[in-house]
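We did not get these values from a lab; they are worked out from the coordinates using the rules stated. This is a predicted model, so every value here is computed, not measured. All Cβ positions, glycine included, derive from the backbone under ideal geometry; neighbour counts span all protein chains shown.
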Amino acid sequence: MKKILSDLIEIKGGKRMPKGVMLESTPTNHPYITVKNMAPYKTELDGTFEYVPNDVFPTIKNYVVKSGDIILSIVGTIGRVSVVGETLDKASLTENCAKLIPNNLILPLYLFYFLTSPFGQTEIIKGVVGSTQPKLPFYNIGRIEIDLPTLTLQQHIVGATSSPQ
């Protein structure tokens, strides 16, 4: 059956660093996920990350992700999709990405595989607005149509789809 994503997910934004605050290259407890850090399947902490200063983190603490969350780039390089890895549990998320939180009707990995499929990528591109600085607004993410099989069939599809790790 066809559904739109707004019936299946909650969409949460990331957060821009406060004006005048720069990310740090020295590791803190707060890695900051940007579009350039997103890997094709699972994003894990590596040497390319920058960090939120410890004294600044309380101002953006509500914009974190947890392991297993699905993230989608929505500004600039639009349409990158990744699963947040265990090493980035509680990392901060850039404002150029959205966190997609599935409800109990759709499996997170089914959503991931759909969004990375040619059909899902076409649906994403249909929702892009702006020519100078392209953007994918939240309301257009919610309008994306998806074929939604039963949870049992979703589990079979996810199980049969191999993913690099």
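Values as computed for the structure displayed
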| read-out | value |
| --- | --- |
| Total charge dipole magnitude, the chain, about the Cα centre, Cβ charges on Lys, Arg, Asp, Glu only, Debye to nearest 20 | 400 |
| Hz values of 3J(HN,Hα) by residue in segment 91-104 - Karplus curve (6.51, -1.76, 1.60), Gly and Pro given as x | 6, 7, 10, 4, 5, 8, 10, 10, 9, 9, 10, x, 8, 7 |
| For segment 1-44 versus segment 60-92, the gap between their alpha-carbon centres in whole angstrom | 3 |
| Stokes-Einstein D (µm²/s) once Rh is taken as the Kirkwood radius of segment 1-58 over alpha-carbon pairs, at 20 °C in 1.002 mPa s | 155 |
| Value of [θ]222 nm, deg cm²/dmol, for the chain, DSSP H segments ≥ 4, -39500 (n - 2.57) each, nearest 500 | -6000 deg cm²/dmol |
| Relative packing of peptides 124-137, 83-96, 44-57 - highest average C-beta neighbours within 10 Å first | 83-96, 44-57, 124-137 |
| Phi-based couplings in Hz for segment 143-149 (Karplus 6.51, -1.76, 1.60; Gly and Pro marked x) | 7, 4, 8, 9, 7, 10, x |
